[in-house]
Amino acid sequence: MIPLAESVSFASSWEQTVSRQSGATFLVFEGVDGVASSWTYGEFDLLVGQVAAKLIAAGVEFGSA
């Protein structure tokens with residue numbers, strides 16, 4: 001187990017990884033049709049940011065059901 005003083009948040013770890021490996025493949029997804037799509041760390045980070053912005057613009061906030 002990592003001592004609390006040495007723990008790192010997921011957000012911090014993710015930011016560091018995106019910074020270091022922005023162009024590296026993060027995710028490859030193959031649909032049932034056999035077509036594969038892939039995203040780099042940078043592309044996926046951008047996509048997640050866009051989705052988050054749309055959710056916030058739609059009024060979704062912490063604790064929304």
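The values are calculated or read from the model by the stated rules, or taken from the named source; none is laboratory data. From a predicted model like this one, the values you see are computed outputs, not experimental measurements. With ideal geometry, Cβ positions are generated from the backbone for all residues, glycine too; neighbour counts draw on all protein chains shown.
Evaluate the following for residue 44: is it surrounded by 10 or more Cβ atoms within 10 Å (Cβ to Cβ), in contact with a Gly (Cβ under 9 Å, 6 or more places away or on another chain) and of a type outside the set (Ser, Thr, Tyr)? Outline the logic, then answer.
On the way: surrounded by 10 or more Cβ atoms within 10 Å (Cβ to Cβ): yes; in contact with a Gly (Cβ under 9 Å, 6 or more places away or on another chain): no; of a type outside the set (Ser, Thr, Tyr): yes.
It is false that residue 44 is surrounded by 10 or more Cβ atoms within 10 Å (Cβ to Cβ), in contact with a Gly (Cβ under 9 Å, 6 or more places away or on another chain) and of a type outside the set (Ser, Thr, Tyr).
Please determine, by comparing only the residues of the stretch 27-65 that are among the acidic types (Asp, Glu) and more than 21 Å from residue 15 (Cα to Cα), which one is modelled with the lowest pLDDT. Walk me through how you get there before you give the answer.
Just the residues of the stretch 27-65 that are among the acidic types (Asp, Glu), to begin with: 30, 33, 43, 45, 61.
From what's left, more than 21 Å from residue 15 (Cα to Cα): 30, 33, 61.
Values: 30: 97, 33: 97, 61: 92.
Step by step, filter the stretch 27-65, then rank; the result is 61.
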